[in-house]
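Chemist: Before I ask anything, here is the structure I am working with.
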Amino acid sequence: MTDALMNDPSTHGPHPADPLIALRPWEAPEVTSWGRLPMNAVDRRDGALVLDGDWRFQLLPTPEAPVSDRWSSAYVPGVWTMQDTDDLPQYTNIRMPYTEFPPQSPAAKNPTGVYERQVDVPAEWAGRRIVLQVGAAESVLLVHVDGRPVGISKDSHLAAGFDLSGVVRPGERATVRLTVVKWSDASHIEDQDQWWHGGITRSVLLYATDPLYLADVTVRARHDGDLRVDCLVRDASGALPEGWYVTGELDGHLLAQDIGFDRANEEDGRVSDFLGEVRLHTLVPQVRLWTAETPELYGLTVRLHRADGTIADTSRHRVGFRDVEIVGRDLLINGERVFIRGVNRHDFHPLTGRTVSYDDMRADLVLLKRFGFNAIRTAHYPNDPSLYDLADELGFYVVDEADIESHDHAHEIADDPRYLNAFVDRVSRMVLRDKNHPSVIIWSLGNESDYGANHDAAAGWVRRHDPTRPLQYEGAAKRGWADPGLASDIACPMYAPLEECVAHALSGVQTKPLIQCEYSHAMGNSNGTLADHWAAIEATPGLQGGFIWEFWDHGILQRVTDGRPAGRGGAGLYDNGVAAPGHRWAYGGDFGEPYHDGAFIADGIVFPDRTPKPVLYEHRELAAPVRLKCFRHEGLVLSNHQHFRGLEWLAAEWELSLADGGTLTAPAELPDLRPGETAVVPLPFELPRDGGEAWLTLRVRTAQDLPWAPRGTEVCAPQLRLRAAEPVEESAVAAQVEVDDDGLLVHPLLTVAPTLSLWRAPTDNDELGGMAARWRAWGLDTLVRKPVSVRRDGMSVTVDAEYAGTTGVVRHRQVFTPVEGGLRVDEEAELPDEWDDVARVGSVFETVAGLDLLEWFGQGPWESYPDRSAGAPVGHHSVPVDALFTPYLRPQESGGRHGVRRFTLSAPDATGLAVTLDEPRQVSVTRYRAEDLTAAAHHDELVPRPGCVVHLDAAHRGLGTASCGPDTFPSYLVPPGVHRWSWTLRAL
């Protein structure tokens, strides 16, 4: 921006007696807009002036405060809370960040951003209709042009258009002022689980149309090839001119005007002098259908002609032919029941907050596609328009959700007639904008806003305008999953226990598809029992999937030096989920918020930089399109678990992992299977007589380049065990075992001897689910070891000890026996009955420094736990120790590997130690003790230890999702009583 513009005095100062300010629209819920154009599905980006970039800016303390002569600059689109202002991001989940009741907002502190810039209106726009479009503003937008009030808009996540034809003059310069008020009556129905920001979050455009223009286009394309295009035509002068007409073509195929539609309108008197209605129609033979698996799109062009045949306006759309319907208790796409493998997604970026680029959104969806997701719920508002274009193209089913959540005051607002217009306005404008996207299969009335008359009113509008899609709303559904009430066609609960879902499906009273709008809460080290959920969903008619909460960890990159967001300049200051030195991922409270909900904002399946968390590998296997179901004599049963396509887009390779013989590979030829079909294929290998435990894996990859994956991208890796391990007996040898006076093992490779461990650094689920508090009450984090006896029996040494907690004592025995090349440790621990659910039972020790590489045979290479291990195939794995740790935003138990049979820890010169376990066990190797992780709030507070902290667990508690949802299942709990385990330690 030029200095001349920044210092132009003509734009300084307040506008006296400003009617927009005098109206105080930020505290008038009945006012949803003034001067705003109706929403439509006609894209006007082509030929528009994009007004993105630096704008003059100042932040006022309240909307009524005068505008001064002191201007800075702010980037549009963007939030001022991330651009070095004194108004910083705030995070709350349920509570509003201020105490005023709806519709009031804070009177003394209501940050208000004033954006200004000058625009040269093209001279060639003379005689045309000129429109300003503000992509999104949070939360109330006031528009002035050349000092004149133009309009008002609410809804922080939908665009607002304003007709400037009578305000600006083509060929001259105009001054545009956009005033954004942060807190308002609208904030009370935008109380989503997210950071609070303020600003203009999507692009600002200025465009022109002919006075005769397409006001809206509605496309309905059915799976039988029937295409109907309804067009609304208007003229800026009011009355439509004589002789106009509309044409259309679909990939070069001309559409016909529906004469029957015209005749019916004439007979019903539905003919207007100022609004023209036309329907185009065609039937496409051998139509290619759109589904999430096969996102086939056609190009539609609609042209509006003047009487002389010249073109006044053009609208282009991508059309997907598909039907959505509910039959009984099944949601059908093109007549087929589909599983909804979904995730909830916010518009988020760690540097720009609510503003996301096209490339960012594409990267989001590409990653989701690669990990087996086929559905998105736009939590909890309409997402950026480009997301829907990408969902159409890449193939996702979308639940499009209105910008309505009144969590803190839900009961009061649901029936408040002052908010009636806001509910209907937000839902209807979403539908009008997004109705032509084949990806959108369900409309959602919002989130966590109780249920009342305002919802019913909005639902009634949608059912009249768009009968082609079902509606859902969790607030209505929770009144009864089988209730045939108006506002939800789908039973869409949140975090319903799996046993309740199964019981409902088997009850005989189910009337609607059961698809959870939120389940498997991904906060920290979480998503336990995901495999159990999907086993039940796939085996139980009536259950059809759900949406994991959620996609992102909403960590904002923060400078540690001054506590401010790094902002747009922070690019490159993070990698693989880890912030660069001097920076950290901020969560609730890190910006000094007096009210906040802490790390509850960090509950995604990816880190803030989109690095996948281990749960994504779990989901990829659970969504595998190819399955190995069982081993039958000399063959394998291979099945196609897709809904609409064969296996021709895939290639595969067999991999045989032998515990004692390395890994063998062979090419695999996938059979020609239609969806749901199975085939028996021969074993690709002859098992060697020796080699111990054997596992067969089918590595399935893309066979060609796809829009979301290059050729060779792994899609899934189903696995079967071909041979079990045989027990190995090791005899004692003549050697000396050294222990100190307390019975602790002395070993040259260990700096801390193996002792009993019952504590883990609490996960977010442990803390919020109440387990950590119970463990602390028992004293598991401060167990005191007391040696009881040390005795030698031949070559063995037996050590008995007691570990005293606050409410109980654990008796622990270690037997150290020298074996060939090393030492066997046999352990036994007896937990008191009252300790009926501990975190782990096992051994912990620490090694000398310099052992930097972990190699193991077992499940991996990703982090895995007893109730989240389906995505970690058994095999030979190798990972540097420093890469084993998973950097969840709040430090906690992480880095574990389930089902480990044996492992080595080695230095670059190949020296080190080897451990063999008596059976597959949970193992973790990190640089941190559990107490290090427990004490830290952020990763910049952690100091790695020089050696390795090694846990060998006889039993380890499952993760569950108890931070917001059900805990793990009883089968994954660690019970009281006697636990036994053994392991062998050798030097390399």
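What follows draws every value from the coordinates through simple rules; no lab data is involved. Note that the structure is predicted; figures quoted are calculated from it, not measured. In this analysis, Cβ positions are derived from the backbone assuming ideal geometry, glycine residues included, and neighbour counts consider all displayed protein chains.
Chemist: Ranking Asp52, Asp185 by Cβ neighbours within 10 Å, fewest first, what do you get?
Modeler: Values: Asp52 15, Asp185 26.
Least crowded to most crowded, the residues run Asp52, Asp185.
Chemist: Tell me the relative contact order for the stretch 217-272 as a rounded percent, counting alpha carbon contacts under 8 Å between residues six or more apart.
Modeler: Rounded, it is 16 percent for the stretch 217-272.
Chemist: Setting aside same-chain residues fewer than 8 positions from Lys786, which aspartates and glutamates have a Cα under 12 Å from its Cα?
Modeler: Cross-link targets: Asp741, Asp742, Asp800, Glu802.
Chemist: Moving to a separate point now. Run the numbers on the chain and let me know its relative contact order in percent, using alpha-carbon pairs under 8 Å that are six or more apart. Each step should come with its number before you reach the end.
Modeler: Numbers: 2543 pairs, mean separation 86.1, N = 988.
Computed over the chain, the figure is 9 percent.
Chemist: Considering only Cα-Cα distances, which of the following residue pairs are longer than 22 Å: Lys435/Lys478; Lys512/Lys629; Lys478/Lys512; Lys369/Lys478?
Modeler: On the way: Lys435/Lys478 27 Å; Lys512/Lys629 30 Å; Lys478/Lys512 13 Å; Lys369/Lys478 30 Å.
Cα-Cα > 22 Å for Lys435/Lys478; Lys512/Lys629; Lys369/Lys478; rest within.
Chemist: Let me ask something else. When 1/r is averaged over all different Cα pairs and the result inverted, which Kirkwood radius in Å belongs to the chain? The partial results should precede the final answer.
Modeler: On the way: mean 1/r = 0.0322 Å⁻¹.
Hydrodynamic radius (Kirkwood, Cα only) of the chain equals 31.1 Å.
Chemist: A follow-up question, please. Order by neighbour count: Met39, Met771, fewest other Cβ atoms within 10 Å first, most last.
Modeler: Details: Met39 19, Met771 22.
The fewest-first ordering by Cβ neighbours comes to Met39, Met771.
Chemist: May I pose another question? Cut-off is 10 Å between beta-carbons; in what order do Ile605, Ile21 appear when sorted fewest neighbours first?
Modeler: The most exposed by this proxy come first: Ile21, Ile605.
Chemist: On to the next question. Report, to two decimal places, the Cα Rg of the stretch 625-717 normalised by 2.2 N^0.38 Å (N = number of residues).
Modeler: On the way: Rg = 14.1 Å, N = 93, 2.2 N^0.38 = 12.3 Å.
It is 1.15.
Chemist: Can I ask one more? Nearest 20 debye, what's the magnitude of the dipole of the stretch 904-988 about its Cα centre given +1 on Lys and Arg Cβ and -1 on Asp and Glu Cβ?
Modeler: Working: 7 positive and 9 negative charges, 46 e Å.
In debye, rounded to 20, the stretch 904-988 gives about 220.
Chemist: If you don't mind, there's one more thing I want to ask. About the Cα centre of the chain, how large is the charge dipole given +1 on each Lys and Arg Cβ and -1 on each Asp and Glu Cβ? Please answer in debye to the nearest 20.
Modeler: Values: 92 positive and 144 negative charges, 183 e Å.
Using only the charged Cβ atoms, the result is roughly 880 debye.
Chemist: Straight-line reach from Lys109: which lysines have Cα under 26 Å away, leaving out those fewer than 8 places along the same chain?
Modeler: The qualifying lysines are Lys154, Lys182.
Chemist: Here is a follow-up. Give me the Kirkwood hydrodynamic radius of the stretch 223-319, using the inverse of the mean 1/r over all pairs of distinct Cα atoms, in Å to one decimal. Could the numbers behind the result be given before it?
Modeler: Values: mean 1/r = 0.0678 Å⁻¹.
In the stretch 223-319 this quantity evaluates to 14.8 Å.
Chemist: Where in the chain is the longest stretch that carries no trypsin sites (Lys or Arg not before Pro) classed as loop by DSSP and with at most 14 other Cβ atoms within 10 Å?
Modeler: Working: sites that count: Arg45, Arg70, Arg95, Lys109, Arg270, Arg288, Arg479, Arg689, Arg711.
That would be 712-988.
Chemist: Still on this structure, please answer the following. Starting from the stretch 802-876, pick out the GluC sites (Glu not before Pro) whose DSSP state is loop and whose Cβ has at most 13 other Cβ atoms within 10 Å.
Modeler: On the way: sites: Glu802, Glu820, Glu827, Glu828, Glu830, Glu834, Glu846, Glu855, Glu863; in loops: Glu820, Glu834, Glu863.
Answer in residue order: Glu820, Glu834.
Chemist: State, as an integer percentage, the relative contact order of the stretch 252-397 based on alpha-carbon contacts under 8 Å between residues 6 or more apart. Display every interim value, and only then the final one.
Modeler: On the way: 172 pairs, mean separation 28.7, N = 146.
Relative contact order here is 20 percent.
Chemist: I want the antiparallel fraction of DSSP beta bridges within the chain, as a percent rounded to 5. Provide the component values of the computation, followed by the final result.
Modeler: Working: 221 of 245 bridges.
Restricted to the chain, the bridges split so that about 90 percent are antiparallel.
Chemist: Please give the contour-minus-distance gain from Leu275 to Arg316: 0.36 nm per residue of separation, less the Cα-Cα distance, rounded to one decimal in nm.
Modeler: Numbers: separation 41, 0.36 × 41 = 14.76 nm, distance 2.06 nm.
Going from the current span to full extension adds 12.7 nm.
Chemist: To continue, here is another question. Please determine, in degrees from 0 to 90 and to the nearest 10, the orientation of helix 530-539 with respect to the longest principal axis defined by the Cα atoms of the chain, where the helix direction is its Cα long axis.
Modeler: Here the helix axis deviates by roughly 70 degrees.
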